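Worksheet: one structure, shown below.
The values are calculated or read from the model by the stated rules, or taken from the named source; none is laboratory data. Worth saying up front: this structure is predicted, and the values here are computed from it rather than measured. Here the Cβ is made from the backbone with ideal geometry for all residues, glycine too, and neighbour counts use every protein chain on show.
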Amino acid sequence: MISKTNLILIATLLIIVSSCTINSNRMLRTPKNYEYDKIDNELSELEYQIDVNDQLTFQLYTNNGFQLIDMFSATANGGIQTQRMMQSGVAGAGLGSGGGLYLVRIDSLIEFPIIGDINLVGKTIKEAEIYLENIFAEFYVDPFIVLGVITRRVFLFSGSSGGEASVVNLGFNNMTLFEVLASAGGISSSNSSKKIKIIRRTKEGIKIFNADLSTINGINEGNMIMQSHDIIYITPNFNLGSEIAQDINSVFSFISTISIVWLTLTQINQ
């Protein structure tokens, strides 16, 4: 049978143990006075760069994209409608050759038709298009190339304790930190706008930036261009009272259960 003294000792031990769980689910902590990488104007204006595991759309046109095409489609009454399109090099027109999806392999290479393996990692979309046009010029007259990246995404951890996460697609080129946060619904009252970590893999290694959007001075940091596979972590506010209250509730619930068991055993023994 458990005595009152033992019951008190058990309760005290549980309180001590539970205190170690306060904010234990917070992620990606940095030491005090950690020196973050600097977000400067050049980085903020950096265009999206093609990276490993990106999936590209590729369209190749000749004669600098100029074609005259007759497109026939059946109308609702069975007739024929002729539509003439000029400047068919526009993305999405579905004209030209070589269309399809191309994966950037782990070795940074992409296998294109005719020219074989090409490394485009680190290039912007425009730089890659010009680079490929120069290569395909050996085989085509005035090649015009349209590239797109359909798998650009960042990973956003925005829960009050860092436990909520979402994948945000970079739906258009040069999407900024402000735009990613807006797409995810902004910053909640339980999170800190002063401590937003951006973790990025680069050729030089992992870089960790801290964006402080709590004041107007953070505009430059908020306009930082996001790269695919960036990790954005919004640091939650330290809520000691709420965490302690949850732990105490758990402890008292356990004590109540033990007390009922103890009283029951006492009655049985009597």
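If you filter the range 209-238 down to residues that are part of a strand (DSSP E or B) and of a type in the set (Ser, Thr, Tyr), you find that the one that is surrounded by the most Cβ atoms within 10 Å (Cβ to Cβ) is TYR233.
The condition (being of a type outside the set (S, T, N, Q) and over 28 Å from ILE199 (Cα atoms)) is satisfied by just one residue among VAL141, VAL121: VAL141. Considered as a group, the residues in the range 130-180 that are part of a strand (DSSP E or B) and among the small types (Gly, Ala, Ser) include one that is farthest from LEU56 (Cα to Cα), and that residue is ALA165.
Applying the selection to the range 109-159, what residues are more than 22 Å from LEU46 (Cβ to Cβ), small (Gly, Ala, Ser) and surrounded by fewer than 16 Cβ atoms within 10 Å (Cβ to Cβ)? GLY116, ALA137, listed by residue number. Here ILE206 passes the criteria (1) without any contact (Cβ under 8 Å) to a residue 12 or more places away in the chain; (2) touching a strand residue (DSSP E or B) at 6+ places or on another chain (Cβ under 9 Å); (3) not in a strand (DSSP E or B) except the one numbered (3). For the range 194-223, the set of residues classified as modelled with pLDDT under 90 and in contact with a helix residue (DSSP H, G or I) (Cβ under 6 Å, 6 or more places away or on another chain) consists of ASN220 only. For the range 168-189, the condition of being touching a residue at least 12 places away in the same chain (Cβ under 8 Å), more than 21 Å from GLU221 (Cα to Cα) and exposed (fewer than 15 other Cβ atoms within 10 Å of the Cβ) holds for none of the residues.
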